[in-house]
Structures are given as C-alpha cells and as structure tokens.
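Everything on this sheet refers to the single structure shown next.
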Amino acid sequence: VNRSDVHYFGAGPAPLPTAVLEKASQVLLNYKEKGVGLCEISHRSPEANEILADTKQAITTLLDIPDDYEILFLQSGGTGEFSATVYNLVSIWVEKKRAKIAEEVGDDQAEVLKRLRQVVAEELKLDYLVTGSWSLKASQEATRLIGAKHVNVALDARKANDGKFGVISAEDQWSLTPRASGGGPAFVYFCDNETVDGVEFPAFPKSLEGDDAPLVCADMSSNFISRKVDVRKYAVIFGGAQKNVGNTGIAIVILRKSLLPPSSKGASPDLLRELNLPVGPIVLDYPTIAKNNSLYNTLPIFDVWIAGQVMAGLVDAYGAKRIGGQEEISNEKSRLIYDTLDKYSNVYRVVPDKTVRSRMNICFRVHGGDADKEKAFLAGAEKKGLLGLKGHRSVGGIRASNYNAVSLEGAKLLVAYMEDFAKSA
Ligand code: PLP
C-alpha cells in the first residue's frame, strides 16, 4: 500500500506531513551536506542550537507566545509532565509559604519548620478537573506522589453522566479550593482535550480567570497548535509532540517565566524531605532545564527538528493568521464529520455531549455499539484506505482523530464513506 493511497486517523502517534518525512529521510543521512546525519550530530553543536532556536521561534510565532514565557523541550512524554507539574509547582508553593513564615518568626528554624509542617498539612491542595482518562491519570499520579489528602478532585465529570466521561458540568458545580485571603490551591490542572473520550474544553474556564486566578496547568497533548490559545492565562501548558506537532520522543512545555529563578525558587531538597514531600528527578526540574536551554542532558534533536519543520510549515501556510488559519481548517473538518454523524443518527451516536465535542478526537458508536457492525464499519473503511479509526481499547467504538496532518480531502473521504455505510445499513 502506498502512503498516498491512505488517510490515517490514528490518535497518536499520528500522521505527519509527507513533505516533512521526505526531508527527514534526507537529513537522517546527511544534514546540511556535512556528511553526518541529524541523529548523529551533537546536541551541543551549532546546528542543534540553530534547530532549537528555529523550533522555539516557530511555536512562538504560531501561538503568539509572550516574552515572559519560556519554552522547554523534555523527553518526559505527556505522562512525565503529570509528575513534573506536581514536583515543580508544589516545591514553589512550599518555598513561598516557608519564606512567609520566616518573615513572621525570624531565624528560629525549628519554629519555621513546625509552622510549615502545619501549613502543608492543612493547606496544600492541588485541584484537578477530571474530564476524561488523561486528567484522571494525572490526578492519580499527583495522589501517588503527594498523597490523596492533598489532591482535590474539583470535578469528576463521570458523576453527572452515569459514571462515564462525556460531559463537563457547569463551573458552579466544581468544588475548587477557595482562594480567599491568600489561600487557594497550589495549582488547578485540566486536560484541554481528552484523547480517549473525545471531550474538549470549548473555552478557558471562567472560574480560573481574574485577579486572584490560581496557577493553571493544562495538558494540550492532543489539541496543541490546533486553535488560538491565550497563553497568559496559563502557568504551564504542556503536550507530548506525537499528535499535532511531531513524532514521539519529546514533550513541549510553555512555562510562565515568573515560575523560574530569580522570580520564584523551589524549596530545597532537604526541606522537601523534612516535610515528606517528593524531590523530583533532575530531568523534570523546570529551572534546570530552562537554565540549560533544554540541553541539560542529551535532547533528541531530530525530534525537535521534526516539530520545527511541522510548525514552520504552518507558519508558511497561514501567514498573519498564524494558528488561526489551522483553527479554521480543524473546525471545518470536524464540522463536516459531526454533521454527518448527526444526519445519520439512526446509525451513529456521538459519545460525548454536544457542548464538549472534541474537534480532534471524534468518538462515536455504530448501531449502538454492536460489535459486528462496528467491525464491519472499520473493515469497510480500511478497504477505502481510511485507517486508524478504531476507538481506544478502554472504551471501544470508533475514533476519528482529526489532527492537523489529516487533510480536508481525507476528512471529506471519511464523510463520503460514513454516508455510504449509513445508507447501506
Ligand atoms: N495526555 C494526553 C491528552 C494524551 O493523549 C496522552 C497520550 O496519548 C498523554 C497525555 C500521554 O502521553 P505520553 O504517552 O507521551 O506519555
């Protein structure tokens, strides 16, 4: 089967632009005619530095990232950032509290520690909005690292939906940690797009805005660079590259610089140990990675190059519209697919509620989830070169992942197939 005969709707790893892969096959053999391939050069070479700078520039241009934000590349995957957000932001929270107590009690270290222990026991909360499998996993990792009593699941979307993901309850139903008089959570965490469940936040939550807004961390692994983002609303945005941005191997973190030294410091490892709080691995330590321009250890520069090429392609394609251009296309493709699913609602049922339907991962059932009919749907699609449509193993059904590298033509072919299948049913 030729690549050109196929449209691939896999959820991640996901399709990449063919032109980027063709160029990749050349640079793997011989980068810039140096006789050495891109996976062979030093991550500290001028070439690698140039790739890093260009990739940062492309993402900055696309998402209009302000100067007071830092871009980091890590090998953590998306999952590693579930832990990194906890290690880094808890450490900053603790240090802030320590400094405040020290101001009040002066040099009496034993007294500082005593009071700090009490503050940690009573006030340390991380708020999680659990709207699908990935934010659930992130909240479970936080619980594993710092203990259930410090993790506040401010929203478990399953509760309002018969135990299943697929809705996001109104914000006045969320039980966020109160922010009055300098309190509030160390951070609020959510997953902007739930890849498995097909649930996407339609907009930034209003209750996380305002003068006393908490630090907000968002997982954008599966909708990165697919719509405009007001970066300033977030303390940390992260995503594994392997869906919209590039191939497996790196995660991208966009981080508010005021969370880095000299503006913010984390607690010392000794203090964290005293408080029975975890000390994170150095490769997840944002200050260390930032200070070293993401080159504290060996960064897979080829993966950064791929991401840079993909993003430079979007910068070229959309010009002044920047990511807004991609947003229009993403919206159009998902609209076509959802319209067809709704039109043939006798055959198809979209899993999540209409208000939170993901533009990136379109999850639906065929004939109420009849196993044979869903198999037939997938087999028929495969015959037409429409691949990767099987739902996640944990939920079953069909999932059409509509990432940036899926063309409008691909989406239209899927729509035509869905119509034919529905008519012949
Ligand atoms: N977050 C989201 C939204 C995801 O879709 C995924 C993976 O599919 C992850 C996190 C985990 O990423 P990784 O497999 O890179 O650790």
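Kindly indicate whether any position in the range 269-280 is at negative phi, in the same structural domain as Asp219 (by TED's automatic domain parsing) and within 21 Å of the chain's Cα centre (by Cα). Within the range 269-280, one or more residues are at negative phi, in the same structural domain as Asp219 (by TED's automatic domain parsing) and within 21 Å of the chain's Cα centre (by Cα). The set of residues in the range 123-152 that are touching a helix residue (DSSP H, G or I) at 6+ places or on another chain (Cβ under 7 Å), away from the ligand (no atom under 13 Å from the Cβ) and charged (D, E, K, R) contains only Lys125. Just give me the residues in the range 278-310 being part of a helix (DSSP H, G or I) and hydroxyl-bearing (Ser, Thr, Tyr), in sequence order. If the condition is that a residue be part of a helix (DSSP H, G or I) and hydroxyl-bearing (Ser, Thr, Tyr), then Tyr286, Thr288 are the ones that fit. Taking each residue of the range 82-96 that is of a type in the set (Gly, Ala, Ser) and looking for partners that are away from the ligand (no atom under 16 Å from the Cβ) and at pLDDT 95 or above with beta-carbon atoms closer than 6 Å, six or more apart or interchain, yields Ser91/Gly266; Ser91/Ala267.
Here is a yes/no grid of residues against (1) of a type outside the set (Gly, Ala, Ser); (2) assigned to a loop (DSSP other than H, G, I, E, B); (3) within 24 Å of the chain's Cα centre (by Cα); (4) assigned by TED's automatic domain parsing to the domain that holds Asp230:
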{"site": "Ala312", "(1), (2), (3), (4)": "no, no, yes, no"}
{"site": "Lys333", "(1), (2), (3), (4)": "yes, no, yes, no"}
{"site": "Asp339", "(1), (2), (3), (4)": "yes, no, no, no"}
{"site": "Asp342", "(1), (2), (3), (4)": "yes, no, no, no"}
{"site": "Ile362", "(1), (2), (3), (4)": "yes, no, yes, no"}
{"site": "Ala381", "(1), (2), (3), (4)": "no, no, no, no"}
{"site": "Val395", "(1), (2), (3), (4)": "yes, yes, yes, no"}
{"site": "Arg399", "(1), (2), (3), (4)": "yes, no, yes, no"}
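Scanning the range 124-152 for residues that are closer than 24 Å to Lys96 by Cα, crowded, with 20+ Cβ neighbours inside 10 Å and of a type in the set (Val, Ile, Thr) yields Ile146, Val151. Residues in the range 206-236 that are within 12 Å of the ligand (Cβ to nearest atom) and out of contact with any Ser or Thr (no Cβ under 6 Å at 6 or more places or on another chain): Ala218, Asp219, Met220, Ser221, Asn223, Phe224.
Within the range 217-238, residues that are under 19 Å from Ile92 (Cα atoms) sit with their Cβ atoms under 6 Å from residues that are of a type in the set (Asp, Glu) and within 10 Å of the ligand (Cβ to nearest atom), at 6+ positions apart or across chains, in these pairs: Ala218/Asp192; Phe238/Glu81.
Scanning the range 187-215 for residues that are closer than 21 Å to Asn152 by Cβ and either assigned to a loop (DSSP other than H, G, I, E, B) or of a type in the set (Asp, Glu) (or both) yields Asp192, Glu194, Phe201, Phe204, Pro205, Glu209, Gly210, Asp212, Ala213, Pro214, Leu215. Could you tell me whether Gly77 is within 16 Å of the ligand (Cβ to nearest atom) and either out of contact with any Asp or Glu (no Cβ under 8 Å at 6 or more places or on another chain) or not assigned by TED's automatic domain parsing to the domain that holds Ile168 (or both)? Yes: the conditions hold for Gly77. In the range 390-418, the residues that are under 21 Å from Ala307 (Cβ atoms) reach residues that are of a type in the set (Lys, Arg) with C-beta atoms within less than 6 angstrom, at least six apart or across chains, in these pairs: Asn402/Lys333; Tyr403/Lys243.
The values are calculated or read from the model by the stated rules, or taken from the named source; none is laboratory data. Predicted model only: the values in this text are computed from it and were never measured. Cβ coordinates were reconstructed from backbone atoms using ideal geometry, including for glycine residues, and neighbour counts include every protein chain displayed.
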